[in-house]
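K.L.:
What follows is a single structure, and I will ask about it in a moment.
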Amino acid sequence: MNFFYPSLLVFVISLVILYSVIPRFTPLIMLILAAGLLAFGIYHHYSIFKNEYMKTTWTDGLKMYAPAIMIGFVIILIFYGIFAFFARGAVPVPISPEIPSLSASLTPPSPNMNLTKNATKNVTSAAIGSPVTAAVNTVTNIANTIGSGISRATTGAANAVTNFVNNVSGNRKNTRTIL
């Protein structure tokens, strides 16, 4: 405890001073100071209790059993997962309420709805169809242009590979091996 209280006091005082000088920079400095004090505390604790750590060797005899214990634990967890997944349990299903038929709850359409329906029927298909047809034709032309460009690029790449292979195989015949 002789290290804890003075370092905590220094930590708090430095944070208060730092917050008054640079308020937005305080969290970074707090993180750095906390990490530094933690590292020093671990070093100090180990240096004080080094003899106790050296004497606690009773766990060395258990080290050879650790893999078997871990494998056994994993196997138990796998079996538990399998049993939990394939367990036959009944899930209670609540009774659903009866829903009245839809035809009994519908009211006849209002006259305004009939007028709207008749107005939409009167719109000619030419007024709607010509812009849509033009858009479809434009998209089709763009797709054909892209397809022909891809086809030309693929053919050019195949020709380049063929020429490269022919050149490499032709150059091998003319090379000499120096031993």
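Computed from the coordinates by the stated procedures, all read-outs in this text should not be read as laboratory data. Predicted, not measured: the structure shown is a model, and the values here were computed from it. Backbone-built Cβ (ideal geometry, glycine too); neighbour counts: all protein chains shown.
K.L.:
Going highest first, how would you order 69-80, 32-43 by mean Cβ packing within 10 Å? Intermediate results must be reported in sequence, preceding the final value.
P.N.:
Details: 69-80: 10.1, 32-43: 11.8.
Ranking the peptides 69-80, 32-43 by packing returns 32-43, 69-80.
K.L.:
What is the spread of the Cα atoms of the range 1-53 along each of their three principal axes, largest first, in whole Å?
P.N.:
That works out to 44, 18, 8 Å along the principal axes.
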